[in-house]
Amino acid sequence: MEARVLIVGGGPVGLVASSLLSQRGVSNVVVERRDRTQRAPAAHVLRRRPMDVLRSIGVEAEITRVRPRLPLHYITWCASLGGAEVGRLDVAKGLAPDEEVWTNCSQNLLEPVLLARATRESLARVVLGADCFALDQDDDGVTARVRREDGSEQTIRAAWLIAADGAGSPVRHLMDIPMVGPGPQGRFFMVHFEADLRPWIDARPGPLFWIMNPSAPGTLIVHDAARSHVFMTLRFGTEGEEDALPERLAAALGVPVIPKVLSVDAWSPHVQIADRYREGRVFLAGDAAHRFPPTGGLGLNTGILDAYVLTRQLAEVEADRAEAASLDGYETECRPAAEANAKESFENLKHLAEISEAVGAHPDLAALEKRLSSMNAGERATLDRAIENQRSHFVSDGCLPPSLRDGLGAESPHQGESAS
Ligand SMILES: Cc1cc2nc3c(=O)[nH]c(=O)nc-3n(C[C@H](O)[C@H](O)[C@H](O)COP(=O)(O)OP(=O)(O)OC[C@H]3O[C@@H](n4cnc5c(N)ncnc54)[C@H](O)[C@@H]3O)c2cc1C
């Protein structure tokens, strides 16, 4: 099999890169080791400029169709979902009635939209169930070895390779490119569950509820108030902890609903950037190039912009309008933005402690609720200030590559919704 660009990894970044290349007239093959798009909701925040990119490949209407309506008014801190409220931040303040602080679309709903978009192009081929396990490169291109689910092997030849193969990036390992920066910042369980929580969400609609119950601390991420949620909770490493997660979830919710747990994943945030984004004809993009804590929702957004800048430069070289050496500009533009976003995400994570400090440490839920109900005016004002101080965490678009700060630029492959 041959194409001008081989994309390893059919996650959101690889699929967006494929559609952008096709729109720019560059043939491409995507190999994805899974046989379907991912089931876990994972990321859900789409910021403004990445939404411009998605609009430019013509998927905005489809995103609007598949995502549940969830008014993004508040970020709420509470003892438990059904218990005492600690406070809330109005993130819709100052926005027009039809404006949203971000576009909320869970990754498991976004990926099928991106897959359908990528496969519609005659210049693209998306191969699912294909694991890239070996790579060689020479002066003219790269040769990749791919193993299919039935055990058969295949060779793919391309002029360039985009490694969009996620945080563990096998291609990055094959290229011997280390990650630089702090490793795991705590360990978490991500519990994906089904429950109708509308009675406790509808009056203060929003995507995030920070649960402060001392025996069940964590973040409730509302993907669909009527059914789909993730509870992200610290992993203490105690014996039998995973088996006790349903009880912890029930304590975090504190409502008369029995949630149906769909999956549990262990996960650790990192604050790391690849030592270099390029090795000859191979380029890293998305989580393969950078890993941030989810505080700020910048990971996926930074990856979509990587795909935009890199494919624009590859298309220029493929059309003989630029020299191959100009491709170094991808790292020059995108790496500093990723570094700034890693720092911002980490600062957001550390900054959250200001609220816990204002509330104080308590042995159990009853003590926490008693403390909340007995705060004097000065203590309440300190707590309200600590909550207001989190605003930039939720409204920031993060750092953008310089060429995208004022929009997608003149060379945007924009085809509006005609591309859908
Ligand atoms: C449970 C979870 C929750 C998350 N929550 C958030 C959040 O709230 N906010 C946020 O910003 N980010 C979050 N993230 C991170 C976010 O999902 C990533 O930033 C985003 O998925 C990056 O997209 P990507 O395409 O670069 O990588 P990925 O989505 O990881 O896609 C990489 C793809 O490459 C494939 N692949 C890997 N190796 C090979 C190979 N050798 N051959 C072929 N294919 C291969 C994988 O199967 C995968 O499909 C979360 C991640 C997880 C797992």
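The values are calculated or read from the model by the stated rules, or taken from the named source; none is laboratory data. Only a predicted model underlies this, so the values are computations on that prediction, with no experimental measurement involved. Methodologically, a virtual Cβ is constructed for each residue, glycine included, from the backbone with ideal geometry; neighbour enumeration extends over all protein chains shown.
Structure values in brief
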| read-out | value |
| --- | --- |
| Entirely in segment 1-74, the helices (runs of 4 or more DSSP H) that have 1 or more residues that are within 13 Å of the ligand (Cβ to nearest atom), outside the structural domain of Arg88 (by TED's automatic domain parsing) and modelled with pLDDT of 95 or more | 12-23, 48-56 |
| From the options Glu347, Glu316, Glu354, residue that is acidic (Asp, Glu), under 25 Å from Arg47 (Cβ atoms), assigned to a helix (DSSP H, G or I) and away from the ligand (no atom under 16 Å from the Cβ) | Glu354 |
| Selection within segment 271-285 - small (Gly, Ala, Ser) and within 13 Å of the ligand (Cβ to nearest atom) | Ala274, Ala285 |
| When residues of segment 253-270 are limited to those that are hydrophobic (A, V, I, L, M, F, W, C) and away from the ligand (no atom under 16 Å from the Cβ), the one surrounded by the fewest Cβ atoms within 10 Å (Cβ to Cβ) | Ile258 |
| Residue that is surrounded by the most Cβ atoms within 10 Å (Cβ to Cβ), among those in segment 139-153 that are touching a residue at least 12 places away in the same chain (Cβ under 8 Å) and more than 12 Å from the ligand (Cβ to nearest atom) | Val142 |
| Any pair with Cβ under 8 angstrom, 6 or more apart, that starts in segment 314-331 at a residue that is farther than 20 Å from Ser27 by Cβ and ends at one that is assigned to a helix (DSSP H, G or I) | Glu323/Val317; Ser326/Gln313; Ser326/Glu316; Ser326/Val317; Gly329/Gln313 |
| Matching residues in segment 227-252 - criterion: being surrounded by 15 or more Cβ atoms within 10 Å (Cβ to Cβ) and farther than 23 Å from Leu197 by Cβ | Arg235 |
| Lone qualifier among Leu110, Leu135, Leu95 - being modelled with pLDDT under 95 and either not in a loop (DSSP other than H, G, I, E, B) or not charged (D, E, K, R) (or both) | Leu95 |
| Flag if Ala288 is in contact with a strand residue (DSSP E or B) (Cβ under 8 Å, 6 or more places away or on another chain), within 21 Å of Leu161 (Cα to Cα) and within 9 Å of the ligand (Cβ to nearest atom) | yes |
